[in-house]
Structure formats: C-alpha cells, structure tokens
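To start, the structure under review is shown below, and the notes come after it.
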Amino acid sequence: MANNEINLAIILLKPIVYEHDAQQHSRFSATLREANRKGKKMTQIRGFVRPTRRPGELGVHSLDSFNLVVPDMEAAKAFYGEFGLDLQARGNHFNVHTQGHWHRWGTITEGSRKRLSHLSFGIFEDDFDRFKDRLGHVGIQQLDAPKGFESNGLWFHNPDGLLLEVRVAEKSSPNEKSTFAMTSAPPGSQGSPNRSQAPRTSPRRLAHILIFTADVPASISFYERALGLRLSDRSGDGIAFMHGIHGSDHHLIALAKAQGPGLHHLSWDVGTINDIGLGAMHMADKGFTVGWGLGRHVLGSNYFHYVRDPWGSYAEYSADIDYIPVNCDWRAEDHPPHDSFYLWGPVPPEDFAVNHEVAG
Ligand SMILES: [Fe+2]
C-alpha cells in the first residue's frame, strides 16, 4: 500500500467503534446537565436546538449513516477529501465527517468492489421497543449486525437485499430549513475574490442518499411500513422521494428504478450557489471532470452539481432543498417524467441513471 500513514494493509476486521459519537454524546449530556442546573431553557443554549418531533407517531428521524465499500481507499480519500469532506482514518476504515458538525455521516471500508453495504437510520431512544414490535408485525426478519459493525441497533434487509439498521441516535436531520444565501456586493466594491483567493467548499452535512431498487412501488411501501417514512413526490414507478415525519428535508432517501440495489449518489448540503460552483471547479481542477450541473431540480427544488466518483456513483453539492416541517402534511404527487427531473441545467451524462454496482 502506498500510504503507510493510515496503514491500510491492516485489514483486520476490528469493530468500528463510534468514539467520535461517544464523545459528542458525552458533551451533549454535559450540556443538558449544565442547562438543568442553571434552570435554563434548552433553546437558550448557543448552538443547541431541541429536536423536532411529531407526537405519538412512529418513524425514523434521520438517515444516520452509510457504509461504502471501495476497492481503493486512497482513491476514496482523494475524491471525498477534495470534495470537501473530512475523512478521518481509524484503523482499517475512514470515518466521514463535515467541517464543524458533530455527526459522523458514514464510514468507508475496503473490499473487492465498490458497493453500498448498509444504511443506518436514527430513531428516538424511547421508540426503540415500538420499532422492534413494528418490524415484527410487518414480518421483517431481524439479523445479526455485520462483522465489524456490532451495535445495539435492529438489523434487517430491504426488499432488494440491502442491509439496513435502525439505531438510537441523536437527530442529525435538520430541525428547520437550512440557510441559503445569495449576496450582492454594494456599489463601488468587488463582489468576487480573485480566483487564486477562492475559498474551498466545505459541505455542512449529509443531505440525502439516492439508491437503486428493482421495484420502486414495493420499496415505497416497505419504507412506509418499516421505517415510517412518507412519500414526498414520485414520478411513476421510476423514482420516488421520501421524508421523515419528525421534520426533514424533502427527501432523506430517494429510490430509483434499476436492475438491483446500489448507490446512485450521496448528497451534501452547502449554503450558496457559489459554494456549488467553487466545489465543482475545484473538483475539475483535481481531475474529477465528469459530472452534471449546475442545475436546479424540480422535486426537492435544490440547486445541484454532481461529481462522478471513481466507481460511477456521484457526490452531489446541494443547496436550498425544500424542507418539510414537523407539523406539515406534505401532499405527495405523481409527476410526469418530462416535468419532474430538472428545471434547468445542462443535458445529463448518458449513463447518469446506470447502476454500475449491477452493470459493472
Ligand atoms: Fe440528490
């Protein structure tokens, strides 16, 4: 292996320990204790927003994390690092973070071929037993945690055989619409930095994931029944977008028709169109020239630029996606394909919708 620093040759399957999460939980608990001691309302604590929650209803609150298997860890580090993510080497894997956010959005491990190996969804702690009952009632067989990912969560397969977990976690999905800004320089001043002074783009958080499925309607039903997700919008049986009931973006997860399971893209939230453009330009400068954007979607309304990773999936810079508040009953609609994909933007790459995890 080329990089001794992270010693990737050691592919001993040590359990992935969520030490960063543990530290954050401990800090979070200390903050709660301190607030209680001082008799403050939680909203008075700088940086803390009470998680939004729909009372009495059962549903996951967040797409907590993913695990991506890749055949070349150095290539993953180069791509996602240049994209603006913070990849922290931990033994035989990377933890995936964003600058300035407490959450661990995912892990990357090494394997013979690129594939999405599992997704974890976050639930409130006092919903755990109800979820266990729910999964039993809908006939879902619970599985052991995969080797190296031992946890106290509930593990099971989706209809395509993709491994899912439901685990108790802090709500990492936003509790309100994420900020978005368009700024203009006042007269008499230069609005843009010189190119040599251009800042790097640092995504703020994981926004959503788009995965492939052999049967979109069956998947919608599964995620409604098993996870309590709700349909936001769809386009026939080709694609569907689903949100969390406790306040989330227009979609935590999107489902696209293909021959079988796979990852289409991971989407990362940024705050301006300038961030999207700067990120795309930086990636092109580093050789990651294939992608799609700048454009604006219809379903979700977000501005986007997708950059193709070394294995045919995409990482998306996304800004200003629609938000579905906890008290909003979003009306799902079925949109014709020609009227639902993108509002404006260049023509997508011909193989944009190809599932390379199956085709390759
Ligand atoms: Fe997306």
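With a 10 Å radius around each residue's Cβ, average the other Cβ atoms per peptide and rank 254-263, 286-295, 337-346, highest first.
254-263, 286-295, 337-346
Quick one: what are the phi-derived ³J(HN,Hα) couplings along segment 134-140, Karplus 6.51/-1.76/1.60 with θ = phi - 60°, whole Hz, x for glycine and proline?
Coupling constants for segment 134-140: 4, 4, x, 5, 8, x, 8 Hz.
With θ set to phi - 60° and the Karplus curve 6.51 cos²θ - 1.76 cosθ + 1.60, what are the ³J(HN,Hα) couplings of segment 52-67 in order, to the nearest whole Hz, using x for Gly and Pro?
Once θ is set to phi - 60°, the couplings for segment 52-67 become 6, 8, 7, x, x, 10, 9, x, 5, 9, 8, 7, 6, 6, 10, 10 Hz.
If you place +1 on the Cβ of every Lys and Arg and -1 on the Cβ of every Asp and Glu, how big does the dipole about the Cα centre of the chain come out, in debye to the nearest 20?
Dipole magnitude for the chain comes out near 1180 debye.
Tally up the carbon and sulfur contribution to the accessible surface of segment 260-325 as a whole percent, 1.4 Å probe, everything protein left in place.
Result for segment 260-325: 51 percent of the exposed heavy-atom area is carbon or sulfur.
Which GluC sites (Glu not before Pro) from segment 65-126 combine a DSSP loop assignment with at most 13 other Cβ atoms within 10 Å?
Values: sites: GLU74, GLU82, GLU110, GLU125; in loops: none.
Within segment 65-126, no GluC sites (Glu not before Pro) qualify (loop, at most 13 other Cβ atoms within 10 Å).
Considering only DSSP beta bridges with both partners in the chain, what is the antiparallel share in %, to the nearest 5?
70
Full-extension gain between GLN142 and TRP102, please, as 0.36 nm times their residue separation minus the C-alpha to C-alpha distance.
Length gained, GLN142 through TRP102: 11.4 nm.
Over the chain, give the accessible area per residue in Å² for a 1.4 Å probe, as an integer.
Working: 16810 Å² over 360 residues.
Counting only protein heavy atoms, the per-residue value for the chain is 47 Å².
How big is the chain in terms of Cα radius of gyration and Dmax, in angstroms?
Here Rg and the maximum Cα pair distance are 20.3, 67 Å.
Work out the P(r) tail for segment 85-156: percent of alpha carbon pairs separated by more than 16 Å, whole number. Before the final figure, lay out the partial values.
Working: 1589 of 2556 pairs.
So the pairs more than 16 Å apart make up 62 percent of the total in segment 85-156.
Within segment 61-161, what percent of beta bridges assigned by DSSP are antiparallel, to the nearest 5?
Counting DSSP beta bridges with both partners in segment 61-161, the antiparallel share is about 75 percent.
What's the extension gain from GLU176 to TRP330 if we count 0.36 nm per residue and subtract their Cα-Cα distance?
Gain on stretching GLU176 to TRP330: 53.9 nm.
Full-extension gain between ARG195 and ALA75, please, as 0.36 nm times their residue separation minus the C-alpha to C-alpha distance.
40.5 nm
So, by mean Cβ neighbours within 10 angstrom, what's the order for 192-199, 231-238 with the highest one leading?
So the peptides 192-199, 231-238, ranked by packing, come out 231-238, 192-199.
The values are calculated or read from the model by the stated rules, or taken from the named source; none is laboratory data. The model shown is predicted, which means the values in this text are computed figures rather than measured ones. So basically every Cβ, Gly included, is an ideal-geometry build from the backbone, and we count neighbours across all protein chains shown. Ligands, DNA and RNA are stripped out before the accessible areas are found, and what is left, the full protein with its side chains, is counted by its heavy atoms. Shrake-Rupley method; radii C 1.70, N 1.55, O 1.52, S 1.80 Å.
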